[in-house]
Each structure stands twice: as C-alpha cells, then as structure tokens.
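**Student:** My questions will all concern the structure given below.
The values are calculated or read from the model by the stated rules, or taken from the named source; none is laboratory data. This one's a predicted model, so the numbers in the text were calculated from it and none came from an experiment. Positions of Cβ are generated from backbone atoms using ideal geometry, with glycine treated the same way; all protein chains shown enter the neighbour counts. Ligands, DNA and RNA are stripped out before the accessible areas are found, and what is left, the full protein with its side chains, is counted by its heavy atoms. Shrake-Rupley method; radii C 1.70, N 1.55, O 1.52, S 1.80 Å.
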Number of protein chains: 2
Amino acid sequence: MIKQLRQSNLRIIPLGGLGEVGRNMMLFEYQEKILICDMGFRMPEEDMPGIDYIVPNISYLQGKEKNVLGIVFTHGHYDHIGAIPYLIGKIWRPGLQFFASPLTRGIIIRRQEEFPNLPKLNITEVRDNSRINLGPFTVEFFKMNHNIPDDLGLLIETPVGNIIHTSDFKFDSHPVNDLPTNFQKLEGLGRRRILLLLSDSTGAEEEGHSLSEQTIEKNLEEIFIHSSGRIISATFASLINRIQQIIYLSEKYGRKVCPEGYSMKINVELSKALGYIKAKKGTLISGKEVLNYPDSKITVLCTGAQGEGSAVLMKIAQREHRFIRFKKGDSVILSSSVIPGNERTVQMLKDNILRQGVKVFHYKMMDIHAGGHAQKEELKEMIKIMNPKFFIPIHGQYSMLASHAQIAREAGMPEKNIVVAENGQIINLAPFNISVAREQVPANYVMVDGLGIGDVGEVVLRDRQMLAEDGMFVIVAIVDRKTGKVKGSPDIISRGFVYLRESKELLRETRKKVIEIVNGTSGSGGIVNWSYIKDEIRNKIGQFFYTKTQRRPMILPVVIEV
Amino acid sequence: MIKQLRQSNLRIIPLGGLGEVGRNMMLFEYQEKILICDMGFRMPEEDMPGIDYIVPNISYLQGKEKNVLGIVFTHGHYDHIGAIPYLIGKIWRPGLQFFASPLTRGIIIRRQEEFPNLPKLNITEVRDNSRINLGPFTVEFFKMNHNIPDDLGLLIETPVGNIIHTSDFKFDSHPVNDLPTNFQKLEGLGRRRILLLLSDSTGAEEEGHSLSEQTIEKNLEEIFIHSSGRIISATFASLINRIQQIIYLSEKYGRKVCPEGYSMKINVELSKALGYIKAKKGTLISGKEVLNYPDSKITVLCTGAQGEGSAVLMKIAQREHRFIRFKKGDSVILSSSVIPGNERTVQMLKDNILRQGVKVFHYKMMDIHAGGHAQKEELKEMIKIMNPKFFIPIHGQYSMLASHAQIAREAGMPEKNIVVAENGQIINLAPFNISVAREQVPANYVMVDGLGIGDVGEVVLRDRQMLAEDGMFVIVAIVDRKTGKVKGSPDIISRGFVYLRESKELLRETRKKVIEIVNGTSGSGGIVNWSYIKDEIRNKIGQFFYTKTQRRPMILPVVIEV
C-alpha cells in the first residue's frame, strides 16, 4: 500500500556540494525510471588543501544504473557539466542518451578529449522548442538568457504534472549577440498548468533587476574610447558573451584581439567554429603578431581576473609572461566579480598592476560586469509568469534559497507550497501535494584529488590541516633488543615546525628527553610495550614543544628494535 | 655635504605588513631623533598556515634604541596597538615615554596583563588639545571620529614644518555617544601652514560619504521594533560605538543586555569603567540571568560576525554554547562588514543560523554597519581643510593609496607634491620638497607563531604549504652495515597523502621499490653514498606516486645503518 503510494509520486533529488542546492546535479525519478539534469562540480573550500574539485555523490544511483534513461544539460558552465569525466564511468552503458544545446555539446566533447580513456558520449543536439521523450518524461527545451549562449530551460512533462526548471538565467531585453528574453514564449509555458517551478536562486539576495549587457557594453566602451595604450581584458574563459563584447568593441575601435592562455584560446576557437562568437576576418591575431601593431591597436583577451596563480594576467603582472610586459598607458579590465575567498588575492594582483603604472578597471568602480543571474524583481516575475502550484528554490546557498522562498511568499504563494530543500533530500511530488521524505540519500562531499575520486576522506584532510598548522616532527629511535636502551642519538626530521638551524638547543633537549622516555620505560624489565612508549613520546614531547614554542606539530615516533 | 643635506630633512618611514602602508607603525626621524606613531599588527594571509600575526619589522631601530624619544598611539584598535607585546622588548628602556588617550591607554594596559613578563609601560594620558614635547617634535592631539571612541589625530610640529596625521577617521555629524566632528577646530589646524598631510586611505575607493551612525541606528532600531524573540547581536569586541548603540536600543525597548565571550566582556567592562560605554543600572546581566527573563526582554552581545570558529556566535550556531540555543523567533544581527577572505565562512555561518529558523540581518541587506573610514567626498574635504603643500596617502592597500592620490589630484594638488609610498621606503621631507630615497629599510614580513617572533621564515612556511597540499611520506630503511642490504621491511609513516587502509597495494609496491633502490645502489661495493641513495628514493618514489595518484607528497627517507 505504501509502496503504491510512493510510486505514484515523482521523486526529485538535488545533489552536489553542500550548500549549492541542486546546482551541480538533480535527479527526477518516477516509478524507478530516472532522468538526470546536469553533472557539474564545485570548487573546494579553503579548508580542503590539495583538493581539486568536489563532485556530486551519486551512490544513490548504485544498482540503479539501468534505470537512468538519459542526461540533459542546461548549459556549458563547469558547475553544470564539469563532473562528467569523474562520474560518467559509474553509470555509463551503451545507449545511454545525452542531450545538450550545440555549444554545450561542443564544450563537453572538447573536454572529453582530455580524458581519452573514458567512453565516448553520444550527445543529441537540442535547441529552443526541441522535445524529447524519455520513458515517463517528456522534456521540452526553451531558450534562456545567461552569460553563456545556448542556455536552455526545461519543461518536464511527467505523469504527475508539468515541471519548469529555469536553468541559470536572467531576463535581458538587450543581450549581446543573442536574442532578448522571449516573454511571450515564457507566458505560453506558464499557461500549460505548471505544477512545480524550480528556479535559479543565485541572485535572490540582490535587490532589483540584473544589469543588462547593454549597460555593461556602454561602460566598457568608455574604457575603449579613453585608452591609448593596450587593453588587457581579463575574465573567465567561460563568459562567452563578455568575450564577444570585447571583440566587438575592439573591432569598433580598430583593435586586433589576441586571445592568450590555453582555456581562452580553446573557448574562443570552439565558440567561433560553432557560430557563437562572431569576429571579422583578421580581427583575431596570435601572440606573435602583437608586436606588429602599435599599442593603441591591441586588445589582449586573457584569464586571471580572480588572481589565479597560473593564469595569463598573473604571469604578465609578475613579469613572467613570454612576450607581454606591462607598460605605462596600458589598461587592465577585470571583468568578472570576485569569487568569495579570492578577495585578498585579487587585491594583491590589482596592487601589483597599479605599481607598474597601469590603469585598472574593475567591477566595483563601474558596471563592467553583470552576474548572469536574475535578481529579486526578475525572480518574482518568473514566479508570476509560471504561476506554479508548488515552488522549490534551487541553485544557491541556503541563505539565497531562504530569500527566494520569501520572494515566492511575497508573490502570493502559500507557505505550505514552498519547499526549501537541501542536497540529498527527497522531495515527493504529487498532483495535490509536495513533501520532503524523512529518509535521505547520501550527499556528503566527494573530493577529487589528482586521480583519486572520493578517496580523500576526513582523516586525510584533517591530517593535512594539522600539518599545515604547525608542521610535523619525526623521531626515529633505534633500540637495542638486548638492553632495551636507545642506541646512539635519535634521528629527527622536522618540517614546517621551527627553523632547525636556529633551534639546536631545542633539538638537543628533545633527543635527551626521548632517550629518557625510552630507557626509563623499556629498561624496567619484562615485555616492552612499544605502543605505550610511542604514546609517551608523543605526549611528553608534545607538551615540551608547546611549553617552549606554543606550537603543536604532529609528532610521529618511530621506534626500531635491532 | 650629503650628510648635512640629509640631516636637515625629516625622514618619514612607514612600516608594517606588506600592503597596509603605515597603518601598523610609522617613524618620524629628525637629526637621528625618532618619534614612533602606533605599533599594531596585521592578520596573516591565507597562504600563511599556523601564523598568528604579522608585526612590523623594526630592525631599522636596532642600535638606535636610545634615539627613540617616545611612542604616540592614535587609537585602541589592534592594528594600531596589537604588536606592543611582541616588539616593545626590543626598544624599551626605563624612561621611554608613551602617550595615548584614556580609552586607548586602558586597552593597552589591559592587554599587557596577558604578558606579565614584559616591562610595565608608563603611558601618559593625552586628550583633545593636549600638547607634548619630544625633542625636535611637538605633538598636538585633536579628536577625530572613528568606530571606537577616543581616536586622536596628530599635529606634529617639526623643524621642517607642520605635519597632520589624521589617524583612522571619518566625518560624522551625528555620532553615537560622542561629539560630532569639530570642523571649526580642523579648519583652525588647517590655517597653521600644513607642510604635509598623512591621511587615512581605507575608504578611498568608496564613492560619496560614509554612513552616519545615526542612519545605522535607525536601521538597527527597525529590527528592535519588529523582534519579539531574543536579539543576538554579533560584532567585533573593538567596535565600542556599535556596542553602545545596541545597549542604548536595548534599554529603549526594555531589553536586558548580556555580553558573552571573553573579549566582549572585557571590552564592555573596561569601556564602562572609563565612561566610554554608558548603561543604566541593571541593564547589563550575566549569562546565568538570561533565563530569568522572557525572550522579548533579552539582547545577547557577542563576537563572531566573521564566522570565527571559537567565537560565541559560532558556538551557539553549532549548538555547543553553554546555555544559549537558537530557537524560532530569535533574530541575529551581523553588524560588521566581512573581512576579505572570510566570505565563505560567513556564508556557512549564515546558512547554519537560517536552517535553525532564526532571522539573520546583515550589512548587505540593510545599512546596519558603517565602516568607520572616510570615503571619497570626506577625503577630498580633509585635503581642502588642511590645504597641505605635500600629501602622502597612508593606511591602505596600494589600490586605495592610488585612489586617494587621484582624489588629491582632483582637489588641485600638483602631481609632484603627492607621494605614494610603500612600507620600508624613506620619505625625505624638506620645507620645499619631498622625495623618496633610493635606499630602503627592511620591511619584509615578521611573523608571530606561538612564542616565536620572526622565527618562522620562508622555508618553514613553504614546508607547511607543501605538507597541506598532498601530505607527507616517511620511509625508514634499516640497512645492514656489512652487506649494504635492507634488513626486513622498511617502516612507513604517511599522513595527509592517501588513506592507508585502502592503499595496501601502493604501500607494498613502495616498500619493494625502496628495497630495490637501496640494494641496487649500496650493493655495488665501495663507499656507500647515503645522500645519493636518499635522493634516489625521493625522486623515484616521488615519480611513482605521481604516476599512480597525481599527488606529490613530501617524501622523507631515513636510512639507518646497523
């Protein structure tokens, strides 16, 4: 009876890194058939040293691989597609279907080339108005505006009712190189009895309306009008629309554009080949050609606006770039917001550039960057257009979801029809009610470190944090099996604790103490308890170090009988 | 001849952590006599694990201790006084004079109690209009507004001319529990032929005028009006003025105030004793008394608005506080801006509080915090009031100084009269010119870690960073002196690299390889080159690990002959 009830529900399960609910991946399950939306990763937190990415935990799919009907992708940003190489091997089978817009598809395929051992994906192209059938699900795609072209929202028809998934979006009536938001189309969707709206919450804490790309372009144009030296424009390689703006303005003001850096070159090339970046013949030049033109005719397009150590902009700033050196008269445009956690690095980068007599324009000084996400007024409009029975805010930290829920309330939705969920929670959707199940699916962090996926657990991470704090101290004592006494002087290896050359006295005392501990304990006759001796060394030397230095290095005793 | 020239100049030397020019400490030197202004510290950068603080490098003062005439303090924030316990021992002598306002003095003395072994400082109280003579310098103090009471600007009369040092400041015509900015007084100072203005640049990149505390108070009052549960207000313990506002509003709306946490209790107590915080009898209650009142009558004052792990707010959020647990209806006020680098932690804290059904008010939602620093319009006004011949922007990152220099240009100052300096640079000031000397004084980081001051150098720090990245791997091989072969199986200690229990095969192969390397090299007869063998282990095992895991742990071989 209960099983029957459950099966008539649709289950919606957001997955991904803690906090960013459903952004990286979502599951839709009806009578054991599963539709997946997106498969992206998240960057690690500061307290996860050495970790490359966090990918969604998909252990819920273990044993259910055959039930996965297909995967649809909303757009080509890495937080929506980046985890494919790390996860796809776990659920792939011949015939598994993938759906993406042409640009998204191009980016996924290009990335797959870096992982030659993985299965080749057979990705079907979908566009505005495409309809696909996957068992109980029919997905109709509709164009949305974001800061990358070819972003698709989803209307998912299910036996329970119609669901709208907005993808990341903003409303823009004057986008760059793209069609404006088609409100008529959206209103048409809204008339199709939407049972549930899943809507992007990234901008839900920001008042008003997101900036139009037209405003951004006007401000960028001011910089082009007043710059007589080179313009070095730094942004994310994935912000295809911003890149297009820079190319367009460069053409307007007679500048050649040199894309520099691996990811920037790749993305410009790919987007151009697919028609998503337009540039006149001769506009794009290679690094070698830069010197053939006067400074006033040059724009360099590069990454590094976040102060990434290995990016082109940092190399130029640190005078390590192959052929570009800053000179007076150059202008640097940092056209991206600063990702939380990068503020100090970006400050240092900015300072470093300014010291070289170069002008720096950044988004805090003037509107030269827009975030790509709908803000409060737009979100309210979306709710009104779709007029859903139920609402789940997705794509955001908890505080953004809470704010988005408040927007829904203000738009007139009753409290009980709004669900603020977290990753791993199961939302049961039925035609007349929505609820969160008591049981959860695993949603803890899965960390990627080098070739290892999920093998760095809490123990390893805690050790790294501890090692970083005060370093470590290895003590190797050789003990004579017959006498139970230490032979010679214990070996010591220390890293990250104190500067050894200036700590000779400390080391001398430490050696003495270790000998005392071992000889005092082992020498008492009978069976020697080595693990007790090791604990004694750890505790007593730890205490000694703390008294002397107020630091707590990780102490690792090795006692060897010979 | 050159010496003569130099001696007729005044030397100004900003010191402190990289970037924050002159904030932590400044030297004024005339004919070898030295006046010091402030002695503060800076918090470490993210890439400095385990470091507690960065204090100014004062090696320039080595050998010149007797020339130091005195130290004046502008205000009681730790970036201006915090380094005293770490540096004072290096320059202290009986009779060294210190000058501070009553509150600043109280805070310094209170802090000194935590360092009982240091010399007791004899601090003379100074106030608005106080004048002191120190050799060639006469310092006249004048009241400024900031977010801590008792902030003093300096008019330093020197044989070269008059210098204004603004301290950290903002203009506020409606401050809390403090007198409004006395423009008449400032204009009077401006009429005294100011040769050089040193002015606070912290807000130089912010447009317009800083918010008045009156605006903040109105917004805070809205929260008090609409809250029916407890109000938990988190801010820095050093923001005495904000604390006063919360106490005042609590009294107005019939709430008792419970200061929680060590630094909050200390600061409230000290400021109250000195008359800088006013509270009616019975307003302040202890933690134990909280339960005696209904929720609507309680305000908790605590630290932790930055998401600090050990602060009271975090403890409450994590349900670890001794007696306060969040409940529905509570309101949390985060009344401080987020320090760059803390954004993600604060986001997690906010999410955590919201999940417990508690309302969160923060400075991004409404103006419930003001920065304490003058913004563009105020800075321009200050330059106009003082009408100096020369100008040096101080107290800020390079980009803020550059922006402040631009403000001075716009205020009509000629380019050559503006000096943007960095810590460790020597600015030579004469009645008719200002210049930066070619030589510099040491100004590199001095890091405090536990009891060590300056003993954590680049090597130790780099090791910590490397240990954090991929952990470490110690290999202990016992070698038979006679045969040159490894005895038994090498011991292995690994931390932060891989999870050992799941890496048995990797460890087995590693042991095998180590034995091969040692036996293959040492077994060839003749003198055994142990350092060569160790290098071989490091390189070959490093390579092996990278191929297998794409991680690079620090490899530490120990080879012991028995």
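**Student:** Looking only at strands (runs of 3 or more DSSP E) that lie completely in the stretch A:416-482, which have at least 2 residues being away from chain B (no Cβ under 14 Å), more than 19 Å from B:Gln465 (Cβ to Cβ) and open to solvent by 60 Å² or more (accessible area, probe 1.4 Å)?
**Tutor:** Of the strands (runs of 3 or more DSSP E) lying wholly inside the stretch A:416-482, those with at least 2 residues that are away from chain B (no Cβ under 14 Å), more than 19 Å from B:Gln465 (Cβ to Cβ) and open to solvent by 60 Å² or more (accessible area, probe 1.4 Å) span A:434-440.
**Student:** Being closer than 19 Å to B:Ile156 by Cβ and open to solvent by less than 20 Å² (accessible area, probe 1.4 Å) is the filter here; which residues of the stretch B:86-109 pass it?
**Tutor:** B:Leu96, B:Phe98, B:Phe99, B:Ala100, B:Ser101, B:Thr104
**Student:** Give the residue that is nearest to the other protein chains (Cβ to nearest Cβ), with candidates limited to residues of the stretch A:310-342 that are open to solvent by less than 40 Å² (accessible area, probe 1.4 Å) and over 22 Å from A:Cys258 (Cα atoms).
**Tutor:** That would be A:Gly341.
**Student:** Can you tell me which residue in the stretch A:483-492 is nearest to the other protein chains (Cβ to nearest Cβ), limited to those that are surrounded by fewer than 22 Cβ atoms within 10 Å (Cβ to Cβ) and of a type outside the set (A, V, I, L, M, F, W, C)?
**Tutor:** Here the residue is A:Asp491.
**Student:** Any idea how many residues of the stretch B:447-473 are without any contact (Cβ under 8 Å) to a residue 60 or more places away in the chain and closer than 12 Å to A:Pro553 by Cβ?
**Tutor:** 1
**Student:** Of all residues in the stretch B:60-85, how many are within 14 Å of the chain's Cα centre (by Cα) and open to solvent by 10 Å² or more (accessible area, probe 1.4 Å)?
**Tutor:** 3
**Student:** Condition check: more than 23 Å from B:Arg495 (Cβ to Cβ), within 10 Å of chain B (Cβ to nearest Cβ) and surrounded by fewer than 20 Cβ atoms within 10 Å (Cβ to Cβ). Does A:Arg501 satisfy that?
**Tutor:** Against the criterion (more than 23 Å from B:Arg495 (Cβ to Cβ), within 10 Å of chain B (Cβ to nearest Cβ) and surrounded by fewer than 20 Cβ atoms within 10 Å (Cβ to Cβ)), A:Arg501 qualifies.
**Student:** Please go through the stretch A:11-39 and pick out each residue that is crowded, with 23+ Cβ neighbours inside 10 Å, at positive phi and charged (D, E, K, R).
**Tutor:** A:Asp38
**Student:** For B:Arg495, only one of the following conditions fails: (1) within 7 Å of chain A (Cβ to nearest Cβ); (2) over 25 Å from the mean Cα position of the chain (by Cα); (3) on the phi > 0 side of the Ramachandran plot; (4) open to solvent by 10 Å² or more (accessible area, probe 1.4 Å). What is its number?
**Tutor:** (3)
Table: residues versus (1) within 9 Å of chain B (Cβ to nearest Cβ); (2) closer than 21 Å to B:Leu556 by Cα; (3) open to solvent by 20 Å² or more (accessible area, probe 1.4 Å); (4) touching a Gly at 6+ places or on another chain (Cβ under 8 Å).
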position	(1), (2), (3), (4)
A:Tyr532	no, no, yes, no
A:Arg538	no, yes, yes, no
A:Thr549	yes, no, no, yes
A:Ile555	no, yes, no, yes
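**Student:** Please go through the stretch A:269-296 and pick out each residue that is in contact with a strand residue (DSSP E or B) (Cβ under 6 Å, 6 or more places away or on another chain) and at pLDDT 95 or above.
**Tutor:** A:Thr283, A:Leu284, A:Ile285, A:Tyr293
**Student:** Then there's this: Here is a check on your reading of the model: is B:Leu379 over 21 Å from B:Gly40 (Cβ atoms), within 13 Å of another protein chain (Cβ to nearest Cβ) and in contact (Cβ under 8 Å) with a residue 40 or more places away in the chain?
**Tutor:** No, not satisfied.
Residue-by-condition table, conditions (1) aromatic (Phe, Trp, Tyr); (2) modelled with pLDDT of 95 or more; (3) closer than 23 Å to A:Gly341 by Cβ:
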| residue | (1), (2), (3) |
| --- | --- |
| A:Ile36 | no, yes, no |
| A:Met48 | no, no, yes |
| A:Gly70 | no, yes, no |
| A:His75 | no, yes, no |
| A:His80 | no, yes, yes |
| A:Phe98 | yes, yes, no |
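**Student:** Filter the stretch A:40-91 for residues that are assigned to a loop (DSSP other than H, G, I, E, B) and within 14 Å of another protein chain (Cβ to nearest Cβ) and give the result. Break it down stepwise before answering.
**Tutor:** Pass one, the stretch A:40-91, residues assigned to a loop (DSSP other than H, G, I, E, B): A:40-41, A:43-52, A:56-58, A:62-64, A:73-77, A:82-83.
Matches in the stretch A:40-91: A:Met43, A:Pro44, A:Glu45, A:Glu46, A:Asp47, A:Met48, A:Pro49, A:Gly50, A:Ile51, A:Asp52.
**Student:** Here's something else I'd like to know. Considering each residue of the stretch A:221-230, count those that are within 16 Å of A:Ile298 (Cβ to Cβ) and in contact with a helix residue (DSSP H, G or I) (Cβ under 7 Å, 6 or more places away or on another chain), and give that number.
**Tutor:** So the answer is 4.
**Student:** Suppose the filter is of a type in the set (Lys, Arg) and either within 14 Å of chain A (Cβ to nearest Cβ) or within 24 Å of the chain's Cα centre (by Cα) (or both); does B:Lys384 pass it?
**Tutor:** no
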